[in-house]
Structures are given as structure tokens and as C-alpha cells.
1. At 0.36 nm per residue, minus the direct Cα-Cα distance, what do M1 and Q282 gain on full extension? Give it in nm, one decimal, please.
2. In what sequence, largest accessible area first, do Y269, Y347 appear using a 1.4 Å probe?
3. How many nm separate the modelled label positions at S100 and E36, each set 7 Å beyond the Cα in the direction of the Cβ?
4. So for the pair T173, D154, with labels modelled 7 Å out along Cα→Cβ, what separation do we get in nm?
5. Between A268 and E85, how high is the FRET efficiency from 1/(1 + (r/R0)^6) when r is the Cβ-Cβ distance and R₀ = 30 Å? Nearest 0.05.
6. If the cut-off is 24 Å between C-alpha atoms, which lysines fall inside it for K261, apart from same-chain ones fewer than 8 positions away?
7. If you take the charge dipole of the chain about its Cα centre, with +1 on Lys and Arg Cβ and -1 on Asp and Glu Cβ, which of A387, P24, L271 is farthest toward its positive end?
8. If I take R0 = 51 Å and measure r between the Cβ atoms of S231 and R402 in this structure, what FRET efficiency does the formula 1/(1 + (r/R0)^6) give, to the nearest 0.05?
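The values are calculated or read from the model by the stated rules, or taken from the named source; none is laboratory data. Keep in mind that this is a model prediction, so the values were computed, not measured. All Cβ positions, even for glycine, are placed from backbone atoms using ideal geometry, and neighbour counts span all protein chains on display. Each accessible area value is taken on the protein alone, full model and side chains, heavy atoms only, with ligands, DNA and RNA left out. Shrake-Rupley method; radii C 1.70, N 1.55, O 1.52, S 1.80 Å.
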Amino acid sequence: MRGCDIAIVGGGLAGASLATALAPLGYDICIIEAVEFKTDGQPSYDDRTLALSHSSCQILRGIGLWESLEADATAIRKITVTEFERPGQVVLDAVDMGLSEFGHVVEARRFGAHVTRILSNTNNIRVLCPARVMGVETAGQKNTLQIESEGVEDKLTASLVVAADGANSFVRTHLGIAGQSHDYGQTAIICNITPEFTHDGRAFECLTTTGPFAVLPHTGKRCGLVWSVASDQAEHLLGLEDEEFMKNAQDRFGSCLGAFKKVGKRTAYPLRLVRSIEDIGQRLVILGNAAHAIHPVGAQGFNLALRDVAVLAEVLADDEHGDPGNAGLLHQYSHWRGPDQDKTIRYSDGLTRLFSHPSALVAGFRSTGLLAHALIPGLRRRLAINAMGYRGRIPRLALGERLVIA
Ligand SMILES: Cc1cc2nc3c(=O)[nH]c(=O)nc-3n(C[C@H](O)[C@H](O)[C@H](O)COP(=O)(O)OP(=O)(O)OC[C@H]3O[C@@H](n4cnc5c(N)ncnc54)[C@H](O)[C@@H]3O)c2cc1C
């Protein structure tokens with residue numbers, strides 16, 4: 001049986017970011033990841049284009065990931081929000097906030113390439129991959145994980161276990177921690193698309209009754225497309241010839257970037273909300289999609305997880321007990337993160353339900369809300385601050401500080 005201070009189950013976007021954030025604190029860290037990195041089947045590091053908020057980029061800078069990631073990142077300078085086939089738009093401009101950008105767009109696959117290189121070059125991080133957690137026992141001063149790797153079973157003890165194993169978290173369900181789930185009946189189709197005109201750092205989000213149609217600035221002349229449709233329409237759109245797909249996308253988006261010229265591989269993601277009723281347990285933290293998998297409207301999911309990472313790293317850095325799994329510390333983390341998690345989940349869930357509501361009265365209310373945001377600078381400013389990921393008590397990493405051990 002092997003042992004470590006902190007075992008992170010799942011080396012995806014959230015788990016790998018956490019390991020990178022905790023490494024400078026000197027803990028002996030072990031990541032257990034089921035699917036080999038750099039393979040097409042890796043579920044976290046795929047073709048998704050991730051819109052990372054300003055605060056997320058600060059956190060990534062603070063944990064030493066941004067320096068290498070920046071070369072593959074595209075700045076978001078303007079955000080235009082509209083409602084499909086209804087008048088009015090809200091335009092947020094970073095210059096109005098005294099900033100050069102609201103955040104950046106990075107492809108999840110590129111993020112994976114950078115973070116896994118850092119993981120394998122960090123002395124106090126052990127990566128077990130491919131290795132799957134098949135059992136968890138919580139008892140006394142250590143939790144024990146049962147791990148299976150290429151037919152061989154082993155056990156690993158840890159003072160703290162972090163479940164970062166995705167929306168269908170094995171660890172959460174195995175420990176009997178319930179999750180609330182809601183199927184939106186929507187599927188996001190993602191792909192890269194090359195429009196006629198350069199994006200100039202502009203991001204567009206058109207809200208429709210079946211979810212957002214978002215066009216994000218990407219490297220080169222490409223844009224990342226996230227098109228949320230009714231799930232029974234997804235197969236049809238996935239099966240269309242490229243020309244036909246671009247024509248459909250163009251009809252929805254309009255011509256502000258000119259004609260769509262080229263489209264990449266399309267991938268579909270059924271959309272649902274999954275929220276764990278607890279985010280901590282006995283010597284346990286539930287992180288990322290395992291704690292809250294949310295609708296991509298507003299591009300909040302990984303941004304929320306990165307704020308969780310920053311706070312967990314901060315409470316661990318400030319702790320003087322030397323036991324990363326002690327209950328007081330975990331409660332401090334949970335108490336701090338609760339309000340931001342609640343608000344972010346309510347925001348993305350509320351927006352999705354509001355825009356899929358069929359009533360004309362609700363549609364009128366939506367248009368009035370959009371118009372109010374367009375006309376009232378205070379509301380626009382609040383929207384921009386939320387989009388940048390600054391709400392509630394802000395962790396030091398998001399303020400651009402590095403963590404030092406207490
Ligand atoms: C279409 C779409 C667009 C999105 N766009 C954005 C965006 O623009 N901005 C943003 O902030 N967020 C966005 N998100 C959300 C973002 O993708 C998620 O927040 C993020 O993937 C969560 O990462 P995670 O590491 O928690 O979970 P996952 O990505 O699911 O990773 C979990 C990892 O755990 C591993 N694992 C699972 N079970 C085990 C086990 N038993 N043992 C060992 N390993 C295991 C898996 O192999 C996987 O690598 C988007 C989501 C979707 C669907």
C-alpha cells in the first residue's frame with residue numbers, strides 16, 4: 001500500500017489545475033487518471049474552446065500555467081449578447097472597463113498539452129495514468145483508494161482525497177453523496193469555424209430558445225462555435241455536409257463576420273445540470289464537474305472550478321496544522337465557496353430556463369431585460385464584472401498574487 005498527502009481522482013481540467021496550484025505548497029500529491037493523456041478518447045482535453053475569464057487567467061498565471069498557455073490563447077476584447085430574432089443587443093467593451101481584454105479563449109486540448117507537461121516535470125506530483133479508482137474508504141486519519149491499473153490492483157492512502165472525476169463522479173456516488181440532476185433536453189454542438197472577416201477579439205453570444213449560439217475568437221482566423229440545439233435536432237446537424245451545416249449556422253448567426261468559409265470536426269455534448277448536495281466530506285473535497293456540471297451558457301463551468309481551485313489552495317497555504325484533510329480547513333473552504341457556487345449555478349440555470357420558456361410574456365420580459373442592460377451603464381458594468389469572474393470574496397491568486405506557505 002502506498003501513501004500520499006493529497007490524492008486527486010481525475011486529471012482533467014479541474015484536477016490537473018489543482019495539482020499545479022498545490023505543488024508549490026510542498027505536499028506529496030498523487031493524481032489518478034483513468035484515460036491516457038494525448039489520446040483522442042481523453043474526455044477533458046478535447047476540441048472544446050474554453051472562454052476563460054479575466055480572473056481565471058490571473059489564477060492560471062499565479063499557479064505558473066499561463067506563461068506557456070498564453071501563446072495558444074486568444075484575447076476576448078468585446079462581447080456582444082443578442083436574442084435570436086428579437087431586437088436589442090448588449091455590447092461589452094473591455095476598454096470601457098479600463099482593461100485590454102475580458103479574458104482569453106483556449107482550446108481544451110492545448111490546455112491539456114501544457115498542464116500535463118508541467119505535471120510530469122514536477123517532483124512532488126505523481127501521475128498514475130491510465131489508472132482507475134474502483135473503491136474509496138473513509139476512516140480515521142486517512143482515506144484509502146482502491147486503484148486498478150492495467151489489470152493490477154493497488155491501494156493508496158491519503159490525508160485528503162479530491163474527487164475531480166467529472167459529472168458522473170464515481171467517488172461521489174460510491175460514498176453515497178447525492179447529486180441533483182436536470183436534463184435540459186439540449187445538446188451543444190461544438191466545432192471550429194473560419195469566417196470571411198477577422199474576429200478582432202470579438203465574442204458573440206446569441207441566446208435562443210434552445211440555448212446559446214456562441215462564436216468565440218480563436219487562434220488564426222478561426223472561431224470556436226458552440227451551438228446549443230434541441231437534443232432531437234443534434235443527429236441531423238451532425239450528419240449534414242459541411243456546406244449545409246455552415247449555411248444553417250449562418251442563418252442563425254447572421255453576417256457580421258461575413259460568410260462562413262470552413263468548418264472543422266463537429267462534436268456533441270448533451271447538456272444537463274448536475275450538482276452534488278455536498279462539496280466536502282470526511283477528508284474529501286468534491287471539485288469541478290463532480291461538484292457542479294453546469295450549462296455552457298455564459299461559459300462558466302471551468303471558470304467556477306478554477307475559483308474553487310484558487311480558494312482550496314489558499315486555505316491550504318494559510319493552514320498551520322500540516323494536515324490537509326482537517327475538518328476545520330475543509331469547512332472554511334466550503335463556507336467561502338458556497339455563495340459563488342450558488343450564484344453561478346443559479347445564473348446559468350436561470351438563464352437557460354428563462355430563454356427556453358415558450359410564453360410571449362416571458363419573451364417580452366427577456367427583451368426588456370436585454371434592453372435595460374444595453375441602456376443602463378451600471379447594469380452593463382455588473383454584467384461585465386460577473387463575466388470576468390470577480391464576485392464575492394476574491395482569492396489571492398485571482399488578484400494576481402502568488403501563494404506563500406504560512
Ligand atoms: C460544450 C461545452 C462548452 C464549454 N465551454 C466552457 C467555457 O467556454 N468556459 C468554461 O469555463 N467552461 C466551459 N465548459 C465547462 C468545462 O468543460 C467543464 O467545467 C470542465 O470540463 C470540467 O472539468 P473537470 O476536470 O471537472 O471534469 P472532466 O473534464 O469530466 O474530467 C474528469 C476526469 O476524471 C477522469 N475520471 C473519471 N472517473 C475516474 C475514475 N474513477 N478514476 C480516475 N479518473 C477518472 C476522466 O477520465 C477525466 O479525465 C464547457 C462545457 C461544455 C459541455
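1. Numbers: separation 281, 0.36 × 281 = 101.16 nm, distance 2.05 nm.
Computed gain between M1 and Q282 is 99.1 nm.
2. Values: Y269 50, Y347 80 Å².
Result of the area sort, largest leading: Y347, Y269.
3. 4.0
4. 2.6
5. Working: r = 24 Å, r/R0 = 0.80.
The calculated FRET efficiency here is 0.80.
6. The reachable lysines, counting only those whose Cα sits under 24 Å from K261, are K78, K221, K247.
7. A387
8. Details: r = 44 Å, r/R0 = 0.86.
Here the calculated transfer efficiency is 0.70.
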